[in-house]
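Read through the structure below, which is laid out as structure tokens, and then see the notes.
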Amino acid sequence: MKIDKSFYAVFLSASIFILLFVSLPLITMLLNPGDVSAAIVDKEVIKSLEVSLKAAGMSTLFALIFGVPLAYIFARNDFKGKGLIESIIDIPMAIPHSVVGIMILSFFYGSTIGEFLTDAGLKIVDNFWGIVAVMLYVGIPFMINSARDGFEMVDEELEHVSRTLGASRFKTFFSISLPIIKNNLVSGSILTYARGLSEVGAILIVAYFPKTTPVLIMDRFNQFGLSSSKPISVVMIVVSILLFTIFR
Amino acid sequence: MKIDKSFYAVFLSASIFILLFVSLPLITMLLNPGDVSAAIVDKEVIKSLEVSLKAAGMSTLFALIFGVPLAYIFARNDFKGKGLIESIIDIPMAIPHSVVGIMILSFFYGSTIGEFLTDAGLKIVDNFWGIVAVMLYVGIPFMINSARDGFEMVDEELEHVSRTLGASRFKTFFSISLPIIKNNLVSGSILTYARGLSEVGAILIVAYFPKTTPVLIMDRFNQFGLSSSKPISVVMIVVSILLFTIFR
Amino acid sequence: MLKLENVSKAWKEFQLRNVSFELNDKYCVILGPSGAGKSVIIQCIAGILDVDGGNIYYDGEDITELKPEYRNFGYVPQNYALFPNMNVYKNIKYGMTIRKIDKITADKKINDMAEFLNISHILERTPKTLSGGEQQRVALARALVLDPKLLLLDEPTSALDIHIKDTVMDELKKISEITPIIHITHDFVEARTLGENIAIVIDGELNDFGTKDIFKNPKNERVAKFLGYNIISENNSKLAVAPENVKIEKADMITNNINNNNNNNNLDNPISTKYGIVNGYIDFGYYKSVSISYNNDNLKCICDEDFEIKSGDNVSVNFENMINI
Amino acid sequence: MLKLENVSKAWKEFQLRNVSFELNDKYCVILGPSGAGKSVIIQCIAGILDVDGGNIYYDGEDITELKPEYRNFGYVPQNYALFPNMNVYKNIKYGMTIRKIDKITADKKINDMAEFLNISHILERTPKTLSGGEQQRVALARALVLDPKLLLLDEPTSALDIHIKDTVMDELKKISEITPIIHITHDFVEARTLGENIAIVIDGELNDFGTKDIFKNPKNERVAKFLGYNIISENNSKLAVAPENVKIEKADMITNNINNNNNNNNLDNPISTKYGIVNGYIDFGYYKSVSISYNNDNLKCICDEDFEIKSGDNVSVNFENMINI
């Protein structure tokens, strides 16, 4: 289209404003990181990073195993109540993080099923698996939505042809459907992982210990103020951005 | 396709597991809400809801005004570094919530621009506008991505024809492009609003006061334990789900 | 060979009702307008769709309940559906990999088939780099290496460039000498060129079944309409006339008479000369298709390329070879 | 009226090079294969695309830099681009709303135009409920109510059902009596039926410009190929022969001679009878298009519907009306 100066002037101004709003805090942070060298040898920081990365990885794995089949059912089947079930899956995105924590805690300490699970040895309070549960809860919608979008774009005829060529449903799913949506699975995993890694509110309630890095940052901020939490934050930013960049 | 029992057995099991995982904590909560009637007359609760809803609304409005033009530029233009800028916009989703808080705080109290803004009267610490800033920061990617997806699906020929019929670029944008992506704007707004409303970690750091409901829930949990935070959580769940349902 | 008995199926907006026919191993074309349910028939035969009622037999055996993976019917959908995550070689090998056929046998089969279909040079390419015609050959090869009992083709030329259609049809004819083919299409040209048996399906029902002659002798009004015949009501009976059997001549000389209703009526009946007015025409190069207003109806007729005509012209109309329907 | 002078534009994968022509107010068809850059030309004329070089004049005035909203050229894209957020009435009114034309005048214009294009009954409907033909009329109405200086049509019939093409073409002809039309298409039939001026654009270049006669007399090899002519090399010169000018006859009687190379050579040269082998054919109903192997080349020829032929047949080949290119 013809370049129209006033149109672009207005649109560019708004765009530049929002870009600065998002990037300036990040740039400021990276330019004044504080004593990062001390942070990266701080044992508590290292331990917290280990917990964070492992728990987020575990929750992403669970999301893949349990979320992808549901995504496939959403993409391939129409049934009564499908809309309702799809909204239920989106609920974790709508509920405040502290409420998610309260809900998970209440479930394990206030329902028959929850108490049964606790008695069976599934401890969540101040436990690694509590962190995983929270991360899975807040991250699962991202995985399911990504995978569903992927499956919806896979031409069903590919699956039909695969079957006429002699492949069972399972074989077709693993040889055709899954490999084709590889990119969606990767981006769903990144989103789920990032969502888990970034969570603070619900984790503060369910499992303050073992401390994840975001919890540790919160902790240091409360105890020692801004300057002592900045270096760890910078480490965390670098880790997050690296993970994002590598997997994209 | 032919029904294949073992295939569906496996897929349904996984799906049911994840559905129960998401819905059981919610159901448990709603079935054992505690003393909700006391919570809904609690002045602190009412005040916090007011703060939460208003701040989330304000941040959504800003996201619309400043995010939609950028989304339009993303959808209609190809330029060098577009991929990089698109990733920058996604960064708020990747960074842990407590780090977001630290970043925003550091920006206002550690950069020239930030100090200039503070001197100019833009206070954020323990201030309503601090909450809005945090909510906008964490919510903006949702608005931009929704709007961009919408604009990308609008046939450019519609805009071309509008111009040959005598409409300027501005007129075309407001009469054709925007109305057509109405649904994307609504869903982008819902996501941005929900993301803002649910934030805890960053708000705890930037603006503990005035307390938003999620912060109040956290507060009550820390001071009085699970049972006293449950009723407020139930109120918050109902509010969140109602907002989601009404606007969908 | 293949026999459908009262097959019914409701699927999305399509409704198939009591379709029965039996095929021998001639080249069989199922012809019908878009949306007639042709794809539903072929997917029921392939086993991809469950039938709601009726039975499908192959060589006398009831295969209605058999899963598609046990039927060994080759299926080539309209868009060819090549697996985008595999190169051409692996696409063709897919069925043999599942059957755990050893590499040497598989390689030999693939190479023979690739040579037969002239795709040896593209075995390493990925599907998205192929032209439509190449994609089709790969899809055919993928089905044929399994020696299917039957090859099911869904609109095989609709995604192809017009220039290669004749080559493709010729290839399909050759393949039909190895494997029986059921080919669905909405295209009369394909049906005429390839069909030894032709089934006409309209609105989910089988309307006619036979050889090419069914084009010359439409069985009922529906078929006649679908085949582009003009339907004329005369003396309480309905007649079908093919466009090439409507003969027109310019009637400039009698224009004045036509415009004068009295005279027109006088002229029209006794000496049975009929008149019409040209609505428009399409110049196809080798012939013109002219649309004529005649007795409040719209007639199509075919005339010579050189026949000079324009909208609004008056023409005399004569019918040859009228068929009672 | 409209004049393009050395217009060049690179846009996505298309490259337009130094296109110049001048139009009078006859029905003008720009004909070319898909991907030739035809849409780029029309979008440059509409002002939607900026030209990289060259100038566009309208009635002597240089409009190269004029924004599209000030040109008042009607533009109807291939998919009609009706505004989905407005009903038909509001779609047609859009341009008048922008021009702030009062409601009474606007209503009258819309009603007149709706009657002319036979869409009065659908004014309250939304675009997505309309058939392709209805959508097209609405798009035409939307452009025409503004009394455009020029109407630009991008492949106007490509999205339409074959059965209504003749009616549509007739309507376009009528519209061209009110408003000059530039119509781009890849379809020879449309160009033949409608074009008073025809421009042939191949690979972003103007290859020929003139009346219908350019079909009978291709200017160069590129045009001849595009128009489907057979290109034959003989005595170091290239000749173009239209498919209908390749005459074939069955040569069963001399098959043995042909298979015998010695005799064949003897036969071939002295008495100048030429032979070919049938590769395949398409039966179009009114005629057959036959593809023949001849001197390692592939010839297309057109023959009678009744001419019985099959792949592998030997035929004698004769050329009429050969054109030097």
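The values are calculated or read from the model by the stated rules, or taken from the named source; none is laboratory data. Source: prediction; values computed, not measured. Here the Cβ positions follow ideal geometry from the backbone for every residue, glycine too, while neighbour counts run over all protein chains shown. Please note that ligands, DNA and RNA were not included when accessible areas were found on the heavy atoms of the full protein model with its side chains. Shrake-Rupley method; radii C 1.70, N 1.55, O 1.52, S 1.80 Å.
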Lys, Arg +1 and Asp, Glu -1 on Cβ, resulting dipole of the protein assembly as shown about Cα centre, debye, nearest 20:
3260
Suppose we compare each residue of region A:234-248 in its chain alone and in the full protein complex with a 1.4 Å probe; which ones drop by at least 30 Å² of accessible area?
A:I237, A:S240, A:F244, A:R248
Accessible surface of A:R148 in the full protein assembly, 1.4 angstrom probe, to the nearest 10 Å²?
40
Need one number: buried accessible surface between chains D and B, 1.4 Å probe, both sides summed, DNA, RNA and ligands left out, in Å² to 100.
1700
B:K54 accessible area, 1.4 Å probe, all protein chains in place, Å² to nearest 10
120
What does the copy distance list look like for A:L242, label position 7 Å along Cα→Cβ, in nm and ordered from shortest?
4.7
Calculate what fraction, in whole %, of the accessible area of region C:2-219 sits on carbon and sulfur atoms when a 1.4 Å probe is rolled over the protein chains.
49
Run the label-point distances for D:A10 please: 7 Å along Cα to Cβ, every other copy, nanometres, shortest first.
5.8
Helix-only [θ]222 nm of chain B, DSSP H runs n ≥ 4, -39500 (n - 2.57) each, per residue, nearest 500:
-26000 deg cm²/dmol
Report the relative contact order of region D:56-143, percent, no decimals, based on alpha-carbon pairs under 8 angstrom and at least 6 residues apart.
40
Accessible solvent surface per residue of the protein assembly as shown, calculated while the other protein chains remain in place, 1.4 angstrom probe, Å²:
43
How big is the B/A interface in buried accessible area, both sides summed, 1.4 Å probe, to the nearest 100 Å²?
8100
In chain B, what residue has the beta-carbon at the shortest distance from the axis of the rotation relating B to A, and what is that distance in angstrom, rounded to the whole number?
B:G201, 3
Binning at 10 Å from 0, report for region A:38-131 what percent of all alpha-carbon pair distances ends up in each bin.
13, 29, 36, 17, 4, 1
Output field shielding_mean for C:91-97 (other chain Cβ, 10 Å radius) holds 3
Taking every residue in B:218-225, how many Cβ atoms of other protein chains lie within 10 Å of its Cβ, on average?
3
Partner lysines for A:K54 [C-alpha distance under 18 Å; skip if fewer than 8 residues away on the same chain]
A:K43, A:K123, A:K211
Mind checking the angle between helix D:132-144 and chain D's longest principal axis? C-alpha axes, 0 to 90 degrees, to the nearest 10.
50
With the solvent-accessible surface defined on protein heavy atoms using a 1.4 Å probe, which residues belonging to region A:20-52 display a reduction of at least 30 Å² in accessible area in the multichain context relative to the isolated chain?
A:F21, A:V22, A:L24, A:P25, A:L26, A:T28, A:M29
What does the average come to when, for each residue of peptide A:85-94, you count the partner chain Cβ atoms lying within 10 Å of its Cβ?
6
Taking placed amide H atoms and a strict 5 Å upper bound, the residues 5 or more places from C:K238 or on another chain that come that close are C:I325
Other-chain or far-sequence residues with amide H under 5 Å of D:W11's (modelled H)
D:L16
Accessible area of D:H186, 1.4 Å probe, to the nearest 10 Å²?
80
Applying the Karplus parametrisation 6.51 cos²θ - 1.76 cosθ + 1.60 with θ = phi - 60° to the phi angles of region D:35-41, what ³J(HN,Hα) value in whole Hz is obtained for each residue in order, glycine and proline being reported as x?
x, 7, x, 4, 5, 5, 4
Amide H within-cut-off set for D:Y275, under 5 Å, with H built and near neighbours excluded
D:V317
Helix-only estimate, please: 222 nm mean residue ellipticity of chain D, summing -39500 (n - 2.57) across DSSP H runs of length 4 or more and dividing by its residues, to the nearest 500.
-7500 deg cm²/dmol
Log entry, pair D-C: total buried accessible area, probe 1.4 Å, protein chains only, in Å² rounded to 100, is 2400
Quick one: ranking D:L194, A:L178 by accessible area, 1.4 Å probe, largest first, what do you get?
A:L178, D:L194
Counting only complete DSSP H runs, which helices of chain B cover 15 Å or more along their long axis at the Cα atoms and score a mean Kyte-Doolittle of -0.5 or above?
B:5-31, B:43-76, B:82-94, B:97-110, B:128-153, B:182-198, B:213-224, B:226-247
Using a 1.4 angstrom probe on the protein heavy atoms only, line up A:S52, C:S233 by accessible area, largest first.
C:S233, A:S52
Which order do you get for A:F74, A:F224, A:F209 if you rank them by accessible area with a 1.4 Å probe, largest at the top?
A:F224, A:F209, A:F74
How far is D:S237 from itself in the other copies, in nm, if each label sits 7 Å out from Cα along the Cα-Cβ line, shortest first?
6.1
